[in-house]
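Right, one structure below, let's go through it.
Each value in this text was obtained by applying a stated rule to the coordinates, not by laboratory testing. Note that this is a predicted model, so its numbers are computed, not measured. Cβ sites come from the backbone with ideal geometry, for glycine too, and all protein chains shown count toward neighbours.
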Amino acid sequence: MDVLVNRILLATDGSEDAELAARAAAGIAKGTGADLHLVHAWCPVPTHVAYPGVTWTDYSYLYEREANEVLERAAAAVEKAGGGVAGTHLVQGSPVGGILEICGELGPDLLVMGSRGLGAFGRLALGSVSEEVIHQAPCPVLVVRGGEGAWPPQRVVVGDDGSDAAAMAGELAARIGGLFGADGVVVRAFWWPPEPEGGWREGRVPEREEALYWEKQALEGRAWKLGGLLGRRPEARLIEGNAAEEILRVAAEIGGGEKALVAVGSRRLGVLGRIALGSVSARVLRAVEGPVLVCPGRR
């Protein structure tokens, strides 16, 4: 699997987290040589919200003008960070629908967006938008948050479960982290059923040790491959316990997780290719304080 970044889409709403996302997207685009596109979705306020019999003045042109200004400010932030803008896209409609529409048209290798931000007049809440986009996006999504000190990352923390989605998350995160001289840690959880009442049958314990050995070998191989992208070999941690808790703990080791980029894969289940986030990726996405990269499984 060779993860390349040739086109990046930055979704912006003009919030503080969106400004941080613009700086992150600019840095990644500059380091990888990728084209960077910007998208902003806006919704006009309905003219008959509470009083069906009353006609209100249509001020939608003001909202559209404001939406254009959001895009202009985002483009200026990208250029200030040393990046260039290949194209801007203004979409009228819901934030989730608008972002996914442009994703479908452009086919980006990476979607970058903020989280928990409120757009002008509080119309857009990217805290909910970012999570919904992750549920449906056809490409990896980098959610940038954590304040001014959250980017660039000093550490890449990869949650690895041996899946293709986790492999993609790890390789993309390592490629991004390598641009900024970050170190890395790869975390994998090993699970073995608890000892049954009456003890193990003969040979069961050695079987466990063999399974643990091969898990270690697989994780070391993954760390070796990521080292080629990161520029240094990441530490491999095989733990017997809760994977999400260990990922969060490792991220917090360098200061509340604000300087760590956490990367996880997700599983696609159900109709319409929606993502059913596993318990690990869902908890990490909601609990980690810094930026999170989520890569979808294959459709």
So, by mean Cβ neighbours within 10 angstrom, what's the order for 174-180, 109-115 with the highest one leading? 109-115, 174-180
For residue 236, what residues show an amide H to amide H distance below 5 Å, using hydrogens built from the backbone and excluding near sequence neighbours? 186
Charge tally for neighbours of residue 39 with beta carbon under 12 Å away, counting Lys, Arg as +1 and Asp, Glu as -1, is -3
Less than 16 Å apart at the alpha-carbon level, and either on another chain or at least 8 residues along: which lysines does that give for residue 225? 216
List the lysines whose Cα lies under 26 Å from the Cα of residue 80, skipping any in the same chain that are fewer than 8 positions away. 30, 259
